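Encoded as structure tokens, the structure appears first; notes follow it.
Rule-based calculations on the coordinates, nothing more; no lab input. Model, not experiment: these values are computed from the prediction. When we count neighbours, we look across all protein chains shown, and the Cβ atoms used for this are built from the backbone with ideal geometry, even at glycine.
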Amino acid sequence: MTNRTPKTFQVKSFGCQMNVYDGERMAELLESEGLAAASDGNAADLVVLNTCHIREKATEKVYSEIGRLKRPDGSRPMVAVAGCVAQAEGDEIARRAGVDVVVGPQAYHNLPQLVADAAAGRRALDTDMPAASKFGALPARRRQGASAFLTVQEGCDKFCTYCVVPYTRGAEVSRPWTAILDEAKALIDAGARELTLLGQNVNAWTGADEKGRDQGLDGLIRALDALPGLARIRYTTSHPNDMTDGLIRAHAEVGKLMPYLHLPVQSGSDRILKAMNRSHDSASYLAILERVRAARPDIAISGDFITGFPGETDEDFEATLRIVTQVNYAQAFSFKYSPRPGTPAADMEAQVPAEVMDERLQRLQALLNAQQQAFNQASVGRRTAILLEREGRKPGQKVGKTPWLQSVHLETNAAIGDMVEVELISAGPNSLAGAQLVKEAA
Ligand code: SAM
Ligand code: SF4
């Protein structure tokens with residue numbers, strides 16, 4: 001515990017892209033209050049741990065992170081716990097770990113005040129979910145690199161029985177049209193060439209445009225498509241139930257919308273999908289993908305999977321392997337089921353033994369990895385545009401992304417943020433190598 005007003009800070013984000021975005025916004029907020037970013041947590045006066053609560057041991061991880069912040073002389077920086085663990089644990093964290101500030105995901109615009117309270121020795125906890133959005137109270141965007149995140153939707157009303165998000169992030173809320181377009185323009189002015197629209201259910205976004213007409217995510221994407229300076233648009237994560245005809249059509253018609261769709265299915269078994277309260281079944285999921293692929297034949301499909309949901313039998317799991325084989329994913333994320341306190345599934349009988357979950361996860365990942373490797377291998381020989389995002393490890397090397405979200409390493413003199421034409425020359429499981437075709441940046 002410290003009572004000194006901090007001058008330097010570090011924000012450490014865990015978990016999903018929405019947390020990365022929140023972390024950027026907290027850093028901007030602290031800088032606008034005159035604090036300077038420090039490169040090393042132990043050297044910083046204030047460390048913000050922006051936490052994730054989606055799977056097990058999240059809370060334990062936070063406690064061990066806090067322990068690691070101890071300096072050789074026994075002191076430690078001021079510690080703020082933000083994000084979903086802060087929301088879920090509240091006062092408990094302050095009590096158990098003696099952290100200075102606890103701030104939930106909907107309250108982090110109050111971080112400077114909470115830090116000032118903690119510095120003055122006052123209780124500093126805010127896990128409110130105010131009706132007014134925090135976004136209006138945040139400073140303008142600054143440079144975030146060639147590819148930037150933009151949260152357009154938060155929260156979730158779907159209540160899948162395994163998931164904490166509806167409890168930690170609150171109800172589904174869409175940010176207003178004008179606020180999003182203004183933020184997009186600010187990010188583009190600050191150097192972004194690609195925007196990834198974020199939301200726990202991003203395709204549930206709705207709002208009225210500047211003429212008062214109702215719009216869905218596809219309308220927003222079309223408005224962004226018209227912004228000069230922007231080259232690429234992505235969005236994640238989508239729910240199958242909100243995959244509208246308009247959004248599918250956008251994949252055929254909007255030039256800047258990239259051919260990539262992250263559409264989690266979680267399981268291939270209809271019995272398990274029902275128990276998960278997913279409100280789609282395997283057939284309706286496959287039917288959506290058929291329409292998406294008809295609109296954009298080269299689209300890369302990605303998904304999320306959970307193995308070992310309570311009651312999952314060998315037959316259920318085989319159905320998951322079957323749907324994976326049918327879809328043929330370009331990329332995927334798969335997890336062992338993790339009981340989350342307070343969720344209905346945590347109290348279900350027939351919890352699956354850990355070793356069964358492990359074995360199923362390994363089999364599933366072997367199949368998904370093979371599909372990803374095959375997708376990358378099939379790209380070799382393709383000529384495509386790469387958006388350069390960062391320096392590579394070797395001198396002269398840079399790393400960028402294909403339209404299908406594959407990482408590509410290449411030798412180039414072009415700058416970060418440039419779009420270069422390459423031929424993809426070799427593929428590994430996680431990235432490809434490219435050779436530049438046109439030396440001048442496009
Ligand atoms: N809203 C998105 C959707 O429904 O697809 C995903 C949001 S969640 C942050 C990301 C992924 O975490 C989920 O798709 C699911 O696969 C996984 N997940 C959520 N709760 C989980 C749990 N209790 N155990 C294991 N994985 C979980
Ligand atoms: Fe969680 Fe389901 Fe909402 Fe996704 S749709 S955030 S998995 S409750």
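For this structure, a couple of remarks:
- 10 Å-binned pair-distance histogram of segment 105-244 (Cα, whole percent): 11, 36, 34, 16, 3, 0
- Efficiency of FRET from Cβ geometry, residue 122 and residue 426, R₀ 60 Å, rounded to 0.05: 0.55
- Here, segment 333-441 yields an orientationally averaged convex hull projection of 9.4 nm² when only Cα atoms define the hull.
- Interchain or long-range residues, amide H under 5 Å from residue 426's placed H: 433
- Taking the centroid of alpha carbons for each part, segment 194-271 and segment 111-180 are 21 Å apart.
- For segment 82-122, the residues whose backbone nitrogen is under 13 Å from a point 7 Å from the Cα of residue 63, taken along Cα to Cβ, are 92-99.
- Sites listed here are GluC sites (Glu not before Pro) in segment 341-377 whose DSSP assignment is loop and whose Cβ has at most 13 other Cβ atoms within 10 Å: 349.
- Within the shell defined by Cβ-Cβ distances under 12 Å, the residues around residue 99 carry a net charge of -1, with Lys and Arg each +1 and Asp and Glu each -1.
- Stretching the chain fully between residue 270 and residue 370 yields a gain of 33.5 nm (0.36 nm per residue, less the alpha carbon separation).
- Annotation: extensible slack from residue 56 through residue 37 equals 3.8 nm (criterion: 0.36 nm per residue apart, minus Cα-Cα distance).
- Legend: distances between Cα atoms for 256/401; 12/394; 274/336; 57/336; 256/398; 70/336; pairs beyond 21 Å are 12/394; 256/398; 70/336.
- Amide H partners (placed H, <5 Å) of residue 48, local residues excluded: 10, 11, 12, 80
- Shown for the chain: cysteine residues without a partner Cβ closer than 4.7 Å, namely 16, 52, 84, 156.
- Positive minus negative residues near residue 18 (Lys, Arg vs Asp, Glu; Cβ under 10 Å): -1
- Annotation note: GluC sites (Glu not before Pro) in segment 198-296 located in DSSP loop regions with a Cβ neighbour count of at most 16 within 10 Å are 210.
- Model label zone, residue 143; criterion: amide N under 16 Å from point 7 Å along Cα-to-beta-carbon; scope segment 387-422: 388-391, 415-418
- Tensor-based shape of segment 131-191 (alpha-carbon gyration tensor, a/c under 1.5 rounded, otherwise prolate or oblate): prolate
- Charged neighbours of residue 274, selected by a Cβ distance under 13 Å, balance to -2 (K, R count +1; D, E count -1).
- Where trypsin sites (Lys or Arg not before Pro) fall in DSSP loop in segment 339-415, at most 12 other Cβ within 10 Å: 393
- A cut-off of 5 Å between modelled amide H atoms, ignoring neighbours fewer than 5 places along the same chain, links residue 205 with 217.
- Rounded to whole Å, the principal axis extents of the Cα atoms in the chain read 60, 60, 51, largest first.
- Of the two radii for segment 31-121, the radius of gyration is 0.94 times the Kirkwood radius, both from the alpha carbons; that is the Rg over Rh value.
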